[in-house]
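*Asks:* If you scroll down you'll find the structure; I have some questions about it.
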Amino acid sequence: MVMSYAEIAKQPEALRRTPNLGEWADERAGWSWDSVVAELDLPDGLVNQAHECIDRHAAASPDKVAMIWEGSDGSVERYSFDEMRRHSNRFANALAALGIGKAERVFFFTDRIPELYFACFGTLKRGAIIAPLFSAFGPEPVKERIERAEGSVVVTTPNLLPKINAIRSDLPSLRHVIVIAHRAGAEVAPEDLDYQELVRDASEEYEIERTGSEDWSVMHFTSGTTGLPKGAAHVHNAVISHYATGKYVLDLHADDVYWCTADPGWVTGTSYGMFAPWSNGVTNLIYEGGFGASRWYETIARHNVTVWYTAPTAIRLLMKAGSDAARRHDLSSLRYVMSVGEPLNPEGVVWGEDAFQLPIHDNWWQTETGAIMIANYIGMPIRPGSMGRPFPGIEAAIIDDQFQPVDEPMKEGQLALKPGWPSMFRTYWNDQERYDSRFKGGWYLTGDRAKRDADGYFWFVGRDDDVINTAGHLVGPFEVESALIEHDSVAEAGVIGKPDPVAMEIVKAFVSLAAGVEPSERLRRELTRHCRERLGPGVAPREIEFIDTLPKTRSGKIMRRLLKARELGLPEGDTSTLEDD
Ligand code: ATP
Ligand code: MG
């Protein structure tokens, strides 16, 4: 399934610019984080993410469009780097006037509106920590997170305010609720602060706090795919990784129009929805609306998006809508498409070629890593189903149970990273013990299992907790799921290990079917046969159950632990990030 370089090079769209990253092996050999730092503006050891993303570019190209915002109602607003600078300064001054100081936690619980971005950068300028939450959370998960991080402020919108009101009396740390009301034309209650009023009289000038590389900047709760979400805390130094991966993985060029579909409630929506594009001075599209195949294609066409970063769950939905739906739109502006969040099934990579004449490039990272660690680069041959190769400044390894690197190709083990890259998280907030437990034998342990081939490409096997031990074989759910979704009748699949007295575990698959396909015994037998042919009888699922939809996190990840808990009648654990049915 390896696509040759010649095949990719045949696609003039993909390579119509010289990629920023040269030959991978050469870049790796000659890599220096210092030369990345030299491209940024870090005087006297000071670093501030808002300065690197906004003020630096406002000084160099004040009128360049930083943000194109498209609201759910179709209205479009544009903000230059200098406007972003002034709006964020006003908010920084407003926070200062409220007495909010360095390292205090400012939560964001809003829709994707321009003020969210102004206020996030204003908070970073103030030296406080931004903690964005996904707007679809109910009151309990919001309360739990604000409580755990002892948040001082919540910035919200009138539609979400009732959820805050339901919990605020339980949150003694919460001093201010700031409501962005003007867009909705709503009144602000006396106990709340009106965003518009706070910034109206605030100065447009603000001297950024003197934050250093180790000062806190962002707190992100993990997706909760494997258990209780953890509050991973990051520092301003992370912007070095955001800039470098924006340049070399997203391949951002000055005239790109970039769109990342993730919400800032998840780390992709901040690292790659804010920091990577803006630290590279690129025009960034913020789309307020939710998923819809035609809507998304129209958005790409309307704004001439060139570089697009999305997720497997969206790609699977686009695949369901069919490549004809893509071809009905003029998507000729697109030159590069990437995916993250879950493994991208090889089917997805190849489908991209059919729909956009562009293969989809998978890359791997985590909330904890703060930035992309392993990637399929634009100028490197893709191996569909592989996460790609480590970023030049990153050392990644497969390690065994004694934390020793495994050199043998395609031998499975835990994926580990050599600590010390700029965007590495610095703690789990209020849970230092758990943080410490993730570092062993000189490695950061990712909790993911993978293999590396002889050419240095990494192949995802599964989460540590999800790997199945059946009759002595270790089976990763991903390969079984990928085989299932190759079948035309299958839309999505989630695979678990089900305890078995003889085999220890058997492979069980939950399958949701493509539109118009009905479950039947015949189909079940056909899928079993298909998997046996593709995977061999030891790995193919012994049980297949048809279900309407798979349980997923709100960020779109299949929650195998829930499939398993439900199968075994066990408690479901934390379900705060579970998507509504
Ligand atoms: P939690 O840690 O709360 O269980 P989570 O691990 O899903 O949630 P994130 O930090 O958002 O939270 O996700 C990172 C994880 O997502 C990775 O550890 C990996 O398991 C998975 N992942 C992300 N990108 C990829 C990819 N390209 N291929 C395979 N897996 C991926
Ligand atoms: Mg995780």
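*Asks:* With Cβ to Cβ distances under 11 Å as the rule, what net charge do the other residues near residue 322 carry (K, R +1; D, E -1)?
*Replies:* Neighbour charge sum, excluding residue 322 itself: +1.
*Asks:* Please state the shape class of region 243-323: rounded when a/c is under 1.5, otherwise prolate if a/b exceeds b/c and oblate if not, all from the C-alpha gyration tensor.
*Replies:* Verdict is prolate for region 243-323.
*Asks:* Where does helix 139-149 land angle-wise versus the long Cα axis of the chain, in degrees 0 to 90, nearest 10?
*Replies:* For helix 139-149, the angle is close to 70 degrees.
*Asks:* Just grab the label-to-label distance for residue 566 and residue 542, each label 7 Å out from Cα along the Cβ direction, in nm (one decimal).
*Replies:* With each label placed 7 Å out from Cα toward Cβ, I get 2.2 nm.
*Asks:* Could you give the semi-axes, largest first, of the ellipsoid that matches region 310-395, computed as the square roots of 5 times the alpha carbon gyration tensor eigenvalues and rounded to whole Å?
*Replies:* In descending order the semi-axes read 24, 13, 11 Å.
*Asks:* For each of 443, 308, count neighbouring Cβ atoms within 10 Å of the residue's Cβ, then give the residues from fewest to most.
*Replies:* Working: 443 21, 308 26.
Final ranking by Cβ density, sparse to dense: 443, 308.
*Asks:* Can you bin region 387-539 into rounded, prolate or oblate? Criterion: square roots of the alpha carbon gyration tensor eigenvalues sorted a ≥ b ≥ c, rounded for a/c under 1.5, prolate for a/b above b/c, oblate for the rest.
*Replies:* Prolate, since a/c reaches 1.5 and a/b exceeds b/c.
*Asks:* Moving to a separate point now. Quick check on the exposure proxy: order 439, 108 from fewest to most C-beta atoms within 10 angstrom.
*Replies:* Details: 439 13, 108 24.
Starting with the residue having the fewest Cβ neighbours, the order is 439, 108.
*Asks:* Net charge within 15 Å of residue 498 by Cβ-Cβ distance, Lys/Arg positive one each and Asp/Glu negative one each, not counting residue 498 itself?
*Replies:* That works out to -1.
*Asks:* Follow-up question, since we're still on this one. For residue 436 and residue 401, FRET efficiency with R0 = 22 Å and r from the beta-carbon atoms, rounded to 0.05?
*Replies:* According to the calculation, E is roughly 0.70.
*Asks:* Okay, next question. For region 335-478, what relative contact order do you get, as a whole percent, if you take Cα pairs closer than 8 Å and at least 6 residues apart?
*Replies:* Reported relative contact order: 18 percent.
*Asks:* Suppose R0 equals 22 Å. What FRET efficiency, 1/(1 + (r/R0)^6) with r the Cβ-Cβ distance, do residue 17 and residue 323 give to the nearest 0.05? Intermediate results must be reported in sequence, preceding the final value.
*Replies:* Details: r = 25 Å, r/R0 = 1.14.
FRET efficiency, residue 17 to residue 323: 0.30.
*Asks:* Explain nothing, just the number: relative contact order of the chain, from Cα pairs under 8 Å at least 6 residues apart, as a whole percent.
*Replies:* The value is 13 percent.
*Asks:* Let me ask something else. Classify region 361-447: rounded, prolate or oblate, from the alpha-carbon gyration tensor (a ≥ b ≥ c, eigenvalue square roots; a/c under 1.5 rounded; otherwise prolate if a/b is larger than b/c)? Intermediate results must be reported in sequence, preceding the final value.
*Replies:* Details: a/c = 2.36, a/b = 1.37, b/c = 1.72.
Because a/c hits 1.5 or more and a/b fails to exceed b/c, region 361-447 counts as oblate.
*Asks:* May I ask for the angle, rounded to the nearest 10°, between helix 312-321 and the longest principal axis of the chain, with both axes built from Cα atoms and the value confined to 0 to 90°?
*Replies:* With rounding to tens, the tilt is 70 degrees.
*Asks:* State the extension gain, in nm to one decimal, for the chain segment bounded by residue 426 and residue 182, taking 0.36 nm per residue of separation less the distance between their alpha-carbons.
*Replies:* Stretched out fully, the residue 426 to residue 182 stretch lengthens by 84.1 nm.
*Asks:* Of all the C-alpha pairs in region 147-264, what % are more than 23 Å from each other? Write out the running numbers ahead of the final one.
*Replies:* On the way: 3824 of 6903 pairs.
Result for the distance tail: 55 percent.
*Asks:* Next up: Starting from the Cα-Cα distance between residue 73 and residue 486, subtract it from 0.36 nm times their residue separation and give me the gain in nm to one decimal.
*Replies:* Contour length minus Cα-Cα distance gives 145.0 nm.
*Asks:* What distance in nm separates the two pseudo spin-label positions at residue 288 and residue 203, each 7 Å out from Cα along the beta-carbon direction?
*Replies:* Here the modelled spin labels are 3.2 nm apart.
*Asks:* Among residues other than residue 119 whose Cβ falls under 12 Å from its Cβ, what is the net charge (Lys/Arg +1, Asp/Glu -1)? Intermediate results must be reported in sequence, preceding the final value.
*Replies:* Values: positive: 90, 125, 126; negative: 115.
That works out to +2.
*Asks:* Provide the FRET efficiency to the nearest 0.05 for the residue 580-residue 454 pair, computing r from the beta carbons and using R0 = 60 Å. Walk me through the numbers on the way to the answer.
*Replies:* Working: r = 45 Å, r/R0 = 0.75.
Efficiency computed from Cβ-Cβ geometry: 0.85.
*Asks:* Also: May I ask you to compute the full-extension gain from residue 526 to residue 214, defined as 0.36 nm times their residue separation minus their alpha-carbon distance, rounded to one decimal in nm?
*Replies:* 106.7 nm
*Asks:* Sticking with this one: Report the rotationally averaged projected area of the chain based on its alpha-carbon convex hull, in square nanometres.
*Replies:* 25.9
*Asks:* Helix-only estimate, please: 222 nm mean residue ellipticity of the chain, summing -39500 (n - 2.57) across DSSP H runs of length 4 or more and dividing by its residues, to the nearest 500.
*Replies:* Numbers: 19 runs with 166 residues, N = 581.
That comes out to -8000 deg cm²/dmol.
*Asks:* Taking the inverse of the average 1/r across all pairs of different Cα atoms in region 507-569, what Kirkwood radius in Å do you get?
*Replies:* For region 507-569, the Kirkwood estimate is 12.9 Å.
*Asks:* Would you pull out the residues with amide H under 5 Å of residue 463's amide H, same chain only if 5 or more places away, H placed 1.01 Å from N?
*Replies:* Under 5 Å from the amide H of residue 463 lie the amide H atoms of 449, each far enough along the sequence or on another chain.
*Asks:* Could you state the principal axis extents of the C-alpha atoms in region 148-192, from the largest down, to the nearest angstrom?
*Replies:* 32, 17, 15
Since every read-out is calculated from the coordinates, none of them should be taken as a lab result. The structure presented is a predicted model; accordingly, all values stated were derived computationally and were not measured. Every residue, glycine as well, gets a Cβ built from its backbone with ideal geometry; the counts of neighbours run over all protein chains shown.
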